[in-house]
Amino acid sequence: MNIPYSEPILDTAELNKQLAAGKAPVQAYRDGLNKAHQTIKQRFIDGQQAAELVHLRAELIDQILNLTWRDYFSANDLNIALIAVGGYGRAELHPGSDIDILILLRHDDHEHYREALEIFIMFLWDIGLEVGQSVRSIQECIDAARDYITVATNLMEARPLIGPQDLFEIMRQQTGPDKLWTSREFFEAKWQEQIARHDKYDDSAYNLEPNIKEGPGGLRDMQMIGWVAKRHFNAETLYDLVKHNFLSEQEHLHLIEAQNFLWQVRFGLHILTQRHEDRLLFDYQRSLAEILGYQDKNNNLAVERFMKDYYRTIMDLSLLNEMLLQLFQEAILYAGELSEPVAINKRFQINKGFIEASSENIFKRYPFALLEIFLLMEQHPDIKGVRASTIRLIRSHRHLIDDTFRNDLRNRSLFMDIMRQPTGLTHELRRMNRYGILANYIPAFGKIVGLMQYDLFHIYTVDEHTLMVVRNMRRMTLEIHAHELPFCSKLIKKIPKPELLYLAGLFHDIGKGRGGDHSELGAKDTIEFCQRHDLNSYDTNIVVWLVKNHLIMSSTAQRKDINDPEVIAKFASIVGNSNHLNYLYLLTIADMRGTNHTIYNSWKASLLQQLYNVTRRAFRRGLENPLAQTEQCENNQQQARELLSRQRVSTDAIDKLWHSLSQEYFIRHSVDEIVWHTEAIIVNGGHEFPLILAQQHIQGGGTEIFIHMPIAGHLFAASTGIFEQLGLNVADARIITSSKDYAFDTYVLLEENGGAISSSQRIEAIIDRLRHELAQSNFTKKQASRRTARQLKHFNTHTRVSFNQDDHNHRTVMEIITADRPGLLSKIGLALMACDVHLQNAKITTVGERVEDVFFISDHKQQPIKDEALLSKLRNSIVALLDN
């Protein structure tokens, strides 16, 4: 490959002057190299494109290697050559790129050159070049290339730097496709390599912190195209694919534009990090957006606008990659196959397993075919994919999808048929998104394509998350996945129209990125869509209601006291009926599982299941006849007595213990928990304090720790401090104080991975630690053992503390929104202790980089806190402890 050399970037005159003056060669070269690198960096900052600078840096390294090589090897030696390979062979070096070189020997005489090579390589490292070198004879190159596709690929991109040209040519000829790795073998190997690489990144290019080189749609996919083209067509540039009719001029332009954008991003990332870094981490996204000239605009942060451009670029690149790979399959894998196309209908046919338009003017004559093709793919799951020529036709005709197209009854019917198919919906919606059809057919969806939310809660772009939610719904219908969510798999068979659930999934976040309440905005889009597609008023109301209320079940389960009958009565009245509840439950599970791998865990699953069950009971009882707290208290007591009597627990002892407990205790604990606590306390007989019990949570999802002892002001702070030191997360806390001043405190704990504590030895260690620490009369503040996560350091979430009165339950509700960090609950406990405020209950919710915790508190008389001075003191104390 010929490098587009400009004037030399290395000041060789100054370098020679320094050497002549007696300056040490290592220092002279290091200084010259650093100065040249600074020049390249400044040119990038000043606006010169990375597409030029990557070649400029390769030129710089060429100069350095040419100058230093002659100090160690004779120019007349015909048996050794210096070769650039890999990205350096392509003359594409970013600031932190690997500098891969091959020292090529004509014969297997390594020992002859060993000493000189060691000194040469050491010198390169000493002056600041991190080279990756291999020393091989021609035969060793042949052997390595035969055994390893990566070596064959590297050698294919080799570029001679110094040494006899014939030596280089012999190596290239002996490792070429007519000697080893035929075009077919090479393509199949690289294709499998790409599939494996994509799987490593969940086959999604839309992760929160993408890898711009290795991830789907990244630079490696582009290199894959170049490698296959070079191997099969002996193509030197991507433009050669235009000459071979594999790319149109316009597609080639898009490919180069995508490459140049990704090069800008990678070049800036290397400058920012001062190393080889291809992960677009949160640490760098804001700064990189600024370097690349992005600014905040129209409700979107500069970083969000930058990442939207990034995601749309890799979407385009993914589509071109898909199209070209399909063309390569035809040209390389199926070249010898003779088969006649098989007609599906007069518009489409199957050619070598791929669906294709029967003529180039199909979409112009029959615009509805732009939707029909995806329906046919669903109905014929044996089709391998869309033929590249047809992908090209779809892309060039998608402009036909306008208001007239959207209002056409045939197109509206086709889209709903796509949504109603029993198989293939997820694949085809994703394909429609890649091809730009979904965004054109639903313009509101187009606004969320590539839209990221700069937080740690949503790990995918909004469009990718949306399609992930629909995918999660579809998995519930498949027997092969029934073991993942057994209850959901049974429940989804009971809903009358699954397509209404899928539409709710498709529209639930469609209002994001516009400012305002996305649920309300999405509901308006949903009404318009449903009415246009002739859904009856009943079905329309279901879908609109689901979009408008898609967050209510998760927020109620995680942020409200779902043991309180009033909370359940209010939730049930909003939901209205069992049909709504079934749809909402399935949407909530699919949404949470499609947001973040860590969001949905066994504890949250148990909360949602509990809320679903008690709401179903509320419907059976009748919304006009809600369960009263007194009635629930009496029911729980009666059932617990029956179980305790079977275990021969003294009635008098039960009465004595329960007489000291308020109605609140019996409402906020299950019958099984009441029996567990009561029996253990009576058996203990006051002999052991603190009494610590542990079991897997009755309703699943976590490990329950029960602490019974005389109350102490530091108990919550001490307990949570111990949990945090042991690397445990508190998912729920119920703090009850008896009239005799004994604590009945229950915590639900999770491991850092979101699961229950599975090891009995681990549970015993927790109990022993609690017994030892809580038995101490003096409270010692515990230092959290966990460090703040890397990503959390890049979010500035100021602590907000708000209060509401819950007079019916004689308590005040305190909500704290703040940045997640180690030791959080223990610090809040210290503030409560300092202000003499009693904690009754806590609902712990982590949302990405921030927590949204709810605490139910009272004064020392167990009454709501109405004293504004005390509330202000508590707020200030919490803010001071958390933000300073």
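The values are calculated or read from the model by the stated rules, or taken from the named source; none is laboratory data. A quick note: this is a predicted structure, and the numbers were derived from the prediction, not measured. FYI the Cβ positions are ideal-geometry reconstructions off the backbone, even for glycines, and counts take in every protein chain you see. Note: accessible area is taken over every heavy atom of the protein model, side chains too, but ligands, DNA and RNA are not part of it. Shrake-Rupley method; radii C 1.70, N 1.55, O 1.52, S 1.80 Å.
Quick notes on this one:
- Considering only residues in segment 131-165 that are in contact (Cβ under 8 Å) with a residue 60 or more places away in the chain and more than 17 Å from Arg231 (Cα to Cα), the one that is surrounded by the most Cβ atoms within 10 Å (Cβ to Cβ) turns out to be Gly163.
- Matching entry among Leu611, Leu657, Leu643, Leu623 (being under 30 Å from Asn778 (Cα atoms), hydrophobic (A, V, I, L, M, F, W, C) and either at pLDDT 90 or above or surrounded by fewer than 19 Cβ atoms within 10 Å (Cβ to Cβ) (or both)): Leu657
- For segment 701-728, a tally of residues being on the phi < 0 side of the Ramachandran plot, open to solvent by 10 Å² or more (accessible area, probe 1.4 Å) and within 36 Å of the chain's Cα centre (by Cα) returns 4.
- Glu428 being among the acidic types (Asp, Glu), crowded, with 20+ Cβ neighbours inside 10 Å and over 21 Å from the mean Cα position of the chain (by Cα): yes
- Taking each residue of segment 16-30 that is open to solvent by less than 70 Å² (accessible area, probe 1.4 Å) and looking for partners that are of a type in the set (Gly, Ala, Ser) and part of a helix (DSSP H, G or I) with beta-carbon atoms closer than 7 Å, six or more apart or interchain, yields Gln18/Ala28; Leu19/Ala28.
- Each residue in segment 814-827 was checked for being open to solvent by less than 30 Å² (accessible area, probe 1.4 Å) and either under 27 Å from Lys570 (Cβ atoms) or touching a His at 6+ places or on another chain (Cβ under 9 Å) (or both), and 5 of them qualify.
- Arg70 vs. criteria more than 43 Å from the chain's Cα centre (by Cα), surrounded by fewer than 16 Cβ atoms within 10 Å (Cβ to Cβ) and of a type in the set (Lys, Arg): yes
- Test for Arg106: is it in contact (Cβ under 8 Å) with a residue 40 or more places away in the chain, open to solvent by 40 Å² or more (accessible area, probe 1.4 Å) and in contact with a Leu (Cβ under 6 Å, 6 or more places away or on another chain): yes
- Selection count where residues are open to solvent by less than 80 Å² (accessible area, probe 1.4 Å) and either free of Cβ contacts under 8 Å to residues at least 40 places away in the same chain or more than 28 Å from the chain's Cα centre (by Cα) (or both), scope segment 523-550: 15
- Residue pairs meeting the criteria (Cβ under 8 Å; at least 6 apart or on separate chains; first closer than 18 Å to Asp745 by Cα, in segment 805-833; second of a type in the set (Lys, Arg)): Ser826/Lys781; Ser826/Lys782; Leu830/Lys781
- Residue within segment 73-87 that is among the acidic types (Asp, Glu), modelled with pLDDT of 95 or more and either under 27 Å from Gly163 (Cβ atoms) or open to solvent by 10 Å² or more (accessible area, probe 1.4 Å) (or both) present: no
- Looking at segment 505-604, the helices (runs of 4 or more DSSP H) lying wholly inside it that each contain 1 or more residues that are closer than 28 Å to Gly701 by Cβ, in contact with a helix residue (DSSP H, G or I) (Cβ under 6 Å, 6 or more places away or on another chain) and hydrophobic (A, V, I, L, M, F, W, C) sit at 537-548, 552-559, 565-575, 578-593.
- Filtering segment 225-262 to residues that are in contact (Cβ under 8 Å) with a residue 60 or more places away in the chain, under 24 Å from the mean Cα position of the chain (by Cα) and open to solvent by less than 20 Å² (accessible area, probe 1.4 Å) leaves only Ala258.
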